[in-house]
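Let me begin by handing over the structure; questions about it come next.
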Amino acid sequence: MDGPLSRANSSTLSQHNTIRRGFTLSHRAISCQNRGALLVRGMRNEASCRRRGRSSVDCWMYGHSISCRSPSAALHQGAGCCRHDWSGFYIGLNAGGASSRECLTVTNVAGSPVNQNSEGCHNATGGLAGGQLGYRWQTAPNWVFGVEAQGDWANLKGSNPSLTATTPYINQTKIDAIGLFTGQVGYAWNNVLLYVKGGAAVSDNKYNSFFTATGVVFNQASDTRWGGAVGTGVEVGFAPNWSVAVEYDHLFMGDPSVTFPASSIAVTRTDNIRQDVDMGTVRVNYRFGGPGVARY
């Protein structure tokens, strides 16, 4: 029978459906990182509401308006609601440690070539900290590609006694800064991203030689060198637009010639100085959004 009461009930249900659709749209704006916790919370709220004697429709709206992906909301949202999207520009900070293997081979003394003799090797170790910025785009459904620039202040130091010295002296290396310019390829399992990277690297270096007995420096030089870099890391999204990563990189910096100018107490000399750097960092990134994120 189509009476006033029936029409009133029909109007009420229509209003409920309209409100419910509104809540469904709001669900999409909520990060799905915590969808498990939100679902549990929504179920508890719905149960508490029903114990107070409210209607099933009202209790569903109350309980799940904060839930990203309840079974009911899933019918309206589609499977893409809760997929983490790695696309977009990002910026972040990093910190960690590094070790650089430095090997010196003397090739010229006082402007005259000499038989190439190894002066020995040492490890320059210490900390580093800096930042990175980049862009990633995710292709359906799991592959992620990106480009990144990273710059770190460094304090890596090491030394060893020269194996060629007639008067004992020590060669010392200090690395002040490291930069990386790389491309990335990764595979994502929702909010977990495993990636590899490769590209160019640059380091800023200082060298000095000082007498073992007195500590007096008699030769100094510096260089900025370019090389290659490869690395790998794993990154986890832990909050809307935020992620944390651990990363390892190896830098192949070659063995260019470095000339130590003459000083008041020493002649000029030239060494080939080989450098290979291993570095590990912890990184925190903030992503500025991307396709399918900012539209909601």
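The values are calculated or read from the model by the stated rules, or taken from the named source; none is laboratory data. This one's a predicted model, so the numbers in the text were calculated from it and none came from an experiment. Positions of Cβ are backbone-derived with ideal geometry, glycine not excepted, and every protein chain shown enters the neighbour counts. Heavy atoms of the whole protein, side chains included, go into the accessibility calculation; ligands, DNA and RNA do not. Shrake-Rupley method; radii C 1.70, N 1.55, O 1.52, S 1.80 Å.
Consider the stretch 168-179. How many of its residues are part of a loop (DSSP other than H, G, I, E, B) and within 11 Å of SER100 (Cα to Cα)?
Going through the stretch 168-179 one residue at a time, the tally reaches 0.
Restricting the stretch 184-197 to residues that are of a type outside the set (D, E, K, R) and open to solvent by less than 30 Å² (accessible area, probe 1.4 Å), which is nearest to VAL109 (Cα to Cα)?
GLN184
Got a number for residues in the stretch 256-273 being of a type outside the set (S, T, N, Q), in contact (Cβ under 8 Å) with a residue 60 or more places away in the chain and buried (at least 16 other Cβ atoms within 10 Å of the Cβ)?
3
Can you tell me which residues in the stretch 185-210 are among the aromatic types (Phe, Trp, Tyr) and either in a loop (DSSP other than H, G, I, E, B) or in contact with a strand residue (DSSP E or B) (Cβ under 7 Å, 6 or more places away or on another chain) (or both)?
TYR187, TYR195, TYR207, PHE210
Give ARG83, ARG136 a once-over and let me know the one that is open to solvent by 60 Å² or more (accessible area, probe 1.4 Å) and in contact (Cβ under 8 Å) with a residue 60 or more places away in the chain.
Just one listed residue meets the conditions, ARG83.
Working carefully through the options ALA149, ALA213, ALA229, ALA165, find the one that is part of a strand (DSSP E or B) and either under 27 Å from HIS122 (Cα atoms) or open to solvent by less than 10 Å² (accessible area, probe 1.4 Å) (or both).
Of ALA149, ALA213, ALA229, ALA165, the one residue that is part of a strand (DSSP E or B) and either under 27 Å from HIS122 (Cα atoms) or open to solvent by less than 10 Å² (accessible area, probe 1.4 Å) (or both) is ALA229.
Does GLY88 meet the test of being surrounded by 14 or more Cβ atoms within 10 Å (Cβ to Cβ) and more than 23 Å from ASP204 (Cβ to Cβ)?
Values: surrounded by 14 or more Cβ atoms within 10 Å (Cβ to Cβ): yes; more than 23 Å from ASP204 (Cβ to Cβ): yes.
Answer is yes for this residue.
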